[in-house]
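The block underneath contains the structure these notes are about, expressed in structure tokens.
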Amino acid sequence: MLPTLAQGPVIRRPYALRVAAALDSNAWACRALDELRERYGPGPVLVSVPGRRALVLLSVEDVHRVLGETGAAFTAANKEKTAALSHFEPDAVLITRGASRKPRRLFNEAALDHPAPEHRFHEAFRDAVRQEARPLLRHETLDWKRFHAAYQRIVRRIVFGDAARDDERITELRDKLRGDGNWFMLHRKRHRLRTELFVRSQKYLDLPEPGGLARAVRATPAAADVKPVAQMQHWFFAFDAAPIGAYLALGLLAGRRTEAARARTDHGYLRACVLESQRLWPTSLAILRDSTVETRWPGGPPVPAGTAVFFYSSYFHRDARRLPYADRFEPEVWLDGRAEADWGIAPFSRGPAECPGRNIVLFTSATLLAELLRRQWRLSSPHRLGPGRPLPRTVDHTSLRLTTADHLRTTK
């Protein structure tokens, strides 16, 4: 857990991520969990952490149970998650308990058109993506800073509308508060910044003709306790993990001519490439739940309510005992149903708390990559993302660099 916390559970710390990638800390963590499984068997293991007891999941069957029973025996509003996210989105559905959760969840699903494969405003979203992709195509090289800045403009346009395109202050506020969230309850709440973020978000909702998802929010009925602006701010936060998966997917395709050629003409395959990137390097390093009732597990004593439940994403996404493709790039598993049938593979969570914005994120990332793949890219940084050997379990996306193939030829 320590490298996971060091990297930043809410927003990544670049230096810690660089060290974690150099040490491949996710591989260490997976070996530690393998040792637990060998010692105690496949059932969940109850461990002590400072001030808490946590149930560490080691089998897909138990993952299925916990994710499937979220909202009944388990809650997504885990204590640690609530402490982290309450710095900037205390009323978001993800950390809501009690009677308010159901109407907030239904509001999110309605405004995001979940589970439809395309949002009702997808044409406007596509236009925004294409417009922001054009400047990237004018350069011979692509790095994380440039890619991330373009993606943030896309996110602002999709969530708040075109009027927010250049509102870098709203992104700055979000990220400052997310940085506070990395410290959970150890960092004081900065109410002034949180109020400024709320006021800026509300401004785009109050426009005579709001754009982006703000337009869907205005069209979706909501009771007073739903707090639509809080839900929008959650989308704004959750969307920020998307560029990591998209950029790494581009890095994977840059080293694979056959797959890149197919991705240029097959949008479904390109979407599968994004999902496969998320499987290989989950942007949610862990999925957390708290039990709300006493639970019983085969071969063990009753576990009291209020116990944390810990699902380490990389352990299940890269489990070579179950997955023959564990450490290689295999987009086909998302096309033939193998990945969807496996509850251990959950890049957007699963069950009643599955991310309702999943399809918007996949649409956005696949559309952006389709534009960028108009050019041929090659890796120009020493990342081990090519075929022929197992992919590392930890990767530093911030130092990944790409160069167009034409540029490489002219500089040799």
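Odds and ends about this structure:
- For region 145-163, taking the residues that are in a helix (DSSP H, G or I) and small (Gly, Ala, Ser), the one that is most open to solvent (accessible area, probe 1.4 Å) is identified as Ala163.
- Those residues of region 73-124 which are basic (Lys, Arg), without any contact (Cβ under 8 Å) to a residue 40 or more places away in the chain and assigned to a loop (DSSP other than H, G, I, E, B), in sequence order: Arg97
Residues checked against (1) at pLDDT below 95; (2) at positive phi; (3) among the small types (Gly, Ala, Ser); (4) touching a Pro at 6+ places or on another chain (Cβ under 9 Å):
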| residue | (1), (2), (3), (4) |
| --- | --- |
| Tyr325 | no, no, no, no |
| Pro331 | no, no, no, no |
| Gly337 | no, yes, yes, no |
| Ser365 | no, no, yes, yes |
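- Candidate set from region 95-123 (those that are touching a Phe, Trp or Tyr at 6+ places or on another chain (Cβ under 9 Å) and at negative phi); member that is surrounded by the fewest Cβ atoms within 10 Å (Cβ to Cβ): Pro117
- Residues satisfying the stated conditions in region 232-253, i.e. small (Gly, Ala, Ser) and out of contact with any Ser or Thr (no Cβ under 9 Å at 6 or more places or on another chain): Ala238
- Selection count, region 389-410, where residues are modelled with pLDDT under 95, open to solvent by less than 20 Å² (accessible area, probe 1.4 Å) and not hydrophobic (A, V, I, L, M, F, W, C): 1
- Long-range neighbours under 8 Å by Cβ, at least six apart or interchain, first residue open to solvent by 80 Å² or more (accessible area, probe 1.4 Å) within region 31-60, second of a type in the set (S, T, N, Q): Arg53/Thr307
- Pro228 vs. criteria more than 20 Å from Val93 (Cα to Cα) and touching a residue at least 40 places away in the same chain (Cβ under 8 Å): no
- Flag if Phe316 is of a type in the set (Phe, Trp, Tyr) and open to solvent by 10 Å² or more (accessible area, probe 1.4 Å): no
- Residue among Ser291, Ser277, Ser284 that alone is touching a residue at least 24 places away in the same chain (Cβ under 8 Å), surrounded by 15 or more Cβ atoms within 10 Å (Cβ to Cβ) and touching a Leu at 6+ places or on another chain (Cβ under 6 Å): Ser277
- Some residue of region 337-344 being open to solvent by 40 Å² or more (accessible area, probe 1.4 Å) and hydrophobic (A, V, I, L, M, F, W, C): yes
- Selection status of Leu142, among the aliphatic types (A, V, I, L, M), in contact (Cβ under 8 Å) with a residue 24 or more places away in the chain, out of contact with any Asp or Glu (no Cβ under 6 Å at 6 or more places or on another chain) and open to solvent by less than 10 Å² (accessible area, probe 1.4 Å): yes
- Among helices (runs of 4 or more DSSP H) entirely within region 188-264, having at least 2 residues that are of a type in the set (Phe, Trp, Tyr) and surrounded by fewer than 17 Cβ atoms within 10 Å (Cβ to Cβ) singles out no element at all.
Rundown of residues vs (1) in a loop (DSSP other than H, G, I, E, B); (2) in contact with a helix residue (DSSP H, G or I) (Cβ under 9 Å, 6 or more places away or on another chain), yes/no style:
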position: Gly43; (1), (2): yes, yes
position: Leu46; (1), (2): no, no
position: Ala54; (1), (2): no, no
position: Val63; (1), (2): no, yes
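The values are calculated or read from the model by the stated rules, or taken from the named source; none is laboratory data. What you see is a predicted model; the values in this text were computed from it and never measured. For neighbour counting, all protein chains shown are included, and Cβ atoms are generated from backbone atoms with ideal geometry for every residue, glycine included. These accessible areas exclude ligands, DNA and RNA; they are computed on the full protein's heavy atoms, side chains included. Shrake-Rupley method; radii C 1.70, N 1.55, O 1.52, S 1.80 Å.
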